[in-house]
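A.B. asks: Can you keep this structure in mind? I'll have questions shortly.
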Amino acid sequence: MKVTADKSMHEVAGYVDFRQQLCRWLVVDAGLRYDHHSHSGNEWVPQGGVAVLLLHDAQLKAMVSKGFRFPTIREMFMFPPQNPDLKAEKLMNYELSFKQSVAGGRLAYGVNVFFIKGDNMIQVVPVEGRPTNINTGEVENAGVEAEISWAINPSWSVEANYSYLHLRYPIAAAPEHKLYTGVSFHKGRWNASTDVMYVEGLITRVKPMQEDNFVLWNARFSFRVTRWLTFFAKGENLLAQSYQINAGFPMPKATAMGGLDINF
């Protein structure tokens, strides 16, 4: 039997969190994590933020946090893109968000703006004609996200969200625009939902640059026959779109599945 990789890595971490409501309208959060990785060494990971509680169930939040990800054994030692010299990904994230719920919580909406600056992002890039995992250097993203949900009545609800992402440095699998809408129905033993997602300017390959646009339509349905038996059916990519998230790996076209769930 051929051994793909015989390697081991270990990670040890500890963290502390602090949350305090200073007054009726102000809450502060802070945290610190320490990580030790057998391959990448030591890393301090701080985060902090404040939340301002406004009138009419509204909330304003500001947050600063550090993020990182150690390379996995698969990325370093397994299969053709492997690279044993990978370094950990690191980034700083800055966020400002506003959320509010009205009509007794039946209608909720929010908007979030963010800025991310990082280094050593791991991507698959052709090196001498062969795909290889490499640390591609800096990443700098800025964007906005908006969301809204409405419980029309006890049976029907709708939701939608939109995000825009500006990339100073291109990153694979990152879309410029993404719009999602969904409708759900629940009454007695019946459950049904459907959603549509539009994606534009999704980068499938960095070098040479390649992008994709597509629309995905999904639907789900279930009926509870008894307390322990439920029939279900679902369909994905019902418009049979041809699309890729990573270049060279086409996603399935229209698929359908049905079955039953038995709960004891």
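Each value in this text was obtained by applying a stated rule to the coordinates, not by laboratory testing. Computed from a predicted structure; not experimentally measured. All Cβ positions, even for glycine, are placed from backbone atoms using ideal geometry, and neighbour counts span all protein chains on display.
A.B. asks: I need the calculated FRET efficiency for the pair Ala30 and Phe98, taking r as the beta carbon distance and R₀ as 22 Å, to the nearest 0.05.
C.D. replies: 0.55
A.B. asks: Normalised by the number of residues in the stretch 74-150, what is the relative contact order in percent for Cα pairs under 8 Å and 6+ residues apart?
C.D. replies: Across the stretch 74-150, relative contact order equals 32 percent.
A.B. asks: Report D for the stretch 8-163 in µm² per second (integer): Stokes-Einstein, Kirkwood Rh on Cα pairs, 37 °C, 0.692 mPa s.
C.D. replies: It diffuses with D of about 174 µm²/s by this estimate.
A.B. asks: Pairs of Cα atoms under 8 Å, at least six residues apart: use those to get the relative contact order of the chain, whole percent. If you can, show how the numbers build up before the last one.
C.D. replies: Details: 669 pairs, mean separation 23.2, N = 264.
This gives 9 percent for the chain.
A.B. asks: Which entry in [x] -1.05, -1.13; [y] -0.94, -1.07; [z] -1.28, -1.31 matches log10 I(q)/I(0) by the Debye sum over Cα atoms at q = 0.14, 0.15 Å⁻¹ derived from the coordinates of this structure?
C.D. replies: Given [x] -1.05, -1.13; [y] -0.94, -1.07; [z] -1.28, -1.31, the structure-derived one carries the label [z].
A.B. asks: Sticking with this structure for a sec: Over the stretch 7-158, what relative contact order in percent results from Cα pairs under 8 Å that are six or more residues apart?
C.D. replies: 15 percent
A.B. asks: Additional query: Tell me the mean residue ellipticity at 222 nm calculated for the chain from its helices only (DSSP H runs of n ≥ 4, each -39500 (n - 2.57), averaged over every residue, nearest 500).
C.D. replies: Per the formula, -500 deg cm²/dmol.
A.B. asks: Separate question: Exceeding 29 Å between C-alpha atoms, which entries from my cross-link table qualify? They are Lys207/Lys253; Lys7/Lys117; Lys99/Lys178; Lys66/Lys99.
C.D. replies: Exceeds cut-off: Lys7/Lys117.
A.B. asks: Determine one quarter of the surface area of the Cα convex hull of the stretch 134-264, which equals its mean projected area, and express it in nm² to one decimal.
C.D. replies: Result: 10.7 nm².
A.B. asks: To continue, here is another question. Summing Lys, Arg as +1 and Asp, Glu as -1, what charge do residues with Cβ under 13 Å from the Cβ of Val124 carry, Val124 excluded? Provide the component values of the computation, followed by the final result.
C.D. replies: Values: positive: Arg74, Arg130, Arg205, Lys207; negative: Glu75.
Net charge in that neighbourhood comes out at +3.
A.B. asks: If you don't mind, there's one more thing I want to ask. Using a basic spin-label model with each label point 7 Å from the Cα along Cα→Cβ, how many nm lie between Ile73 and Phe232?
C.D. replies: About 3.1 nm, to one decimal.
A.B. asks: If you don't mind, there's one more thing I want to ask. What stretch of the chain, leaving out the sites themselves, is the longest with no trypsin sites (Lys or Arg not before Pro) in a DSSP loop having at most 12 other Cβ atoms within 10 Å?
C.D. replies: Answer from the scan: 25-167.
A.B. asks: Next question, about the same structure. So which GluC sites (Glu not before Pro) in the stretch 53-159 are both in a DSSP loop and have at most 16 other Cβ atoms within 10 Å of their Cβ?
C.D. replies: Glu128, Glu138
A.B. asks: Please give the Cα centre distance for the stretch 199-234 versus the stretch 127-142, rounded to the nearest Å.
C.D. replies: 28 Å
A.B. asks: A follow-up question, please. Measure off 7 Å from each Cα along the Cα-to-Cβ vector at Val16 and Leu60, then give the distance between these two points in nanometres to one decimal.
C.D. replies: In this crude label model, Val16 to Leu60 measures out at 3.1 nm.
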